[in-house]
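This report refers to the structure that appears directly beneath it.
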Amino acid sequence: MRTINVDFDENNYNIYIDKGVVNNINTLLKQHTKSKKIIIVADSFFQDSIVHEVNSLLEDFEVYIHLMEAGKANKNMNEVLKIYAILEENNLARDSTLIAIGGGVIGDLAGFVASTWYRGMNLVHIPTTLMAMVDSSVGGKVAINFRQTINAIGNYYHPIFTLMDLELIESLPSREYHSGIAEVIKCAIINDAHFYHTLEKNYQNILTKKEQDVESFIAQTILIKIAHVQGDIREGSKRLLLNYGHTLGHAIEISTATNYQEQYRHGEGVSLGIMAVAYIAEHHLKLSHSLYKSYEALFKTYQLPTYVLASRLGFKREELIKKCMRNVQKDKKRINNHLRLILASKIGEASVYSDVPIELIEDAFAHIIKD
Ligand SMILES: NC(=O)c1ccc[n+]([C@@H]2O[C@H](COP(=O)([O-])OP(=O)(O)OC[C@H]3O[C@@H](n4cnc5c(N)ncnc54)[C@H](O)[C@@H]3O)[C@@H](O)[C@H]2O)c1
């Protein structure tokens, strides 16, 4: 079992990574709390598997279960209110524990509930998607969506411990697995050239989910994320670097969604966003085109998109470019009229730039959005 100790502000906790690591849950919980009451908030996908397993392991506890469907549309206040009702009816207090079992949707929502119930009850994360393991369960951001606004209501809240069970990765559909790898590649580009080259070299083992390689790249990504979140206390822009590829990628994600139906998984938006900022970096920082080509090849290896085919998504190319520009400008308003973009000057090194001309951003969208 690999243990990563996390030390954020006043929060110090462990992330345990291994196959079958959930088997330790009863012992770990007894070390952390005297309260007997537990609520499991889980993706209904796991009703007959891990939820059942965790419930039967918690022999010393009184357990309540709330199952919910994953998907962004369910990350809302209605679902939060249903969980508050169970907590109130059964007298769960701040020393009781909420165990979140699921991907980013369940982790973000359940984490939000835990952070607000009596100003904060115990939280345990059991992330089940690669996205949740390497990104959403680490760093303390918890949130729900409000109407059309993603993550509008949120908080910062850390678990008492996190269990990353590598067995869960096995049932993960390829598209979800690849989507998580986009965040792994992002962390390598902003922080660690050696890690980037390992991802290039070991692609076969990673794509076939070889246990040692999976454990290793998950741990490396988490360590990079932790370093950037911790660094934020001293250095304002460090956490911001984790948004590499996200500003433009998010604009593409929301611009291509039709009738609340997303076309791209979050990680796919990130790979597209990284291609767009790689184009910007090449022109703004006068870099060699080989860097763009290298990212393109790596994303292709991991079956992640590097361009958008507008007509296939039912859009006219020009309209989609304009829509992306409108959505990216919304981001601009939020940060005092400066669109701050993160650009990588080389693999392993990125910085924040506030001087990218708006025309170059439009060129970048035009470059990756094809007919
Ligand atoms: N808090 C943060 O810092 C942060 C960071 C990144 C993303 N997020 C949030 O994460 C959410 C997306 O998370 P996600 O991509 O994990 O999506 P998700 O939770 O919706 O899960 C994706 C799909 O995978 C299924 N699934 C989950 N685990 C599985 C498994 N082991 N085997 C088979 N199927 C499984 C789910 O049922 C669902 O259909 C978004 O709401 C996003 O805002 C938060």
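Numbers for the structure displayed
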| read-out | value |
| --- | --- |
| Estimated dipole of segment 159-257 in Debye, rounded to 20 [Cβ of Lys and Arg +1, of Asp and Glu -1, Cα centre] | 320 |
| Estimated FRET transfer efficiency when R0 is 30 angstrom, pair Gln303-Glu170 (beta carbons, to 0.05) | 0.95 |
| Spin-label proximity, Glu262 to segment 140-176 - amide N less than 16 Å from point 7 Å beyond Cα toward beta carbon | 142-153, 173-176 |
| Antiparallel content of DSSP bridges confined to segment 88-211, in %, to 5 | 40 |
| Distant-in-sequence amide H partners of Val308 (H built 1.01 Å from N, under 5 Å) | Ile369, Lys370 |
| Added length on full extension, which subtracts the Cα-Cα distance from 0.36 nm per residue, Leu285 to Arg317 | 8.8 nm |
| Rounded to 10°, Cα long-axis angle of helix 104-116 versus longest principal axis of the chain | 60 |
| Pairs beyond 21 Å (Cα-Cα), from Lys293/Lys346; Lys75/Lys141; Lys36/Lys75 | Lys36/Lys75 |
| Antiparallel DSSP beta bridges within the chain, percent to nearest 5 | 40 |
| Relative contact order for the chain, counting Cα pairs under 8 Å that sit 6 or more residues apart, in percent | 14 |
| Among Thr149, Thr128, Thr306, residue whose mean-square fluctuation peaks in a GNM of the chain (springs only between Cα atoms under 10 Å) | Thr149 |
| Karplus-derived HN-Hα couplings along segment 165-173 (A = 6.51, B = -1.76, C = 1.60, θ = phi - 60°), whole Hz, x at Gly and Pro | 8, 5, 4, 5, 4, 5, 7, 5, x |
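No lab work stands behind these numbers, since they all come straight from the coordinates. Please read these numbers as outputs of a predicted model, since none were measured by experiment. Please note: Cβ atoms are built from the backbone with ideal geometry, for glycine as well, and neighbour counts cover all protein chains shown.
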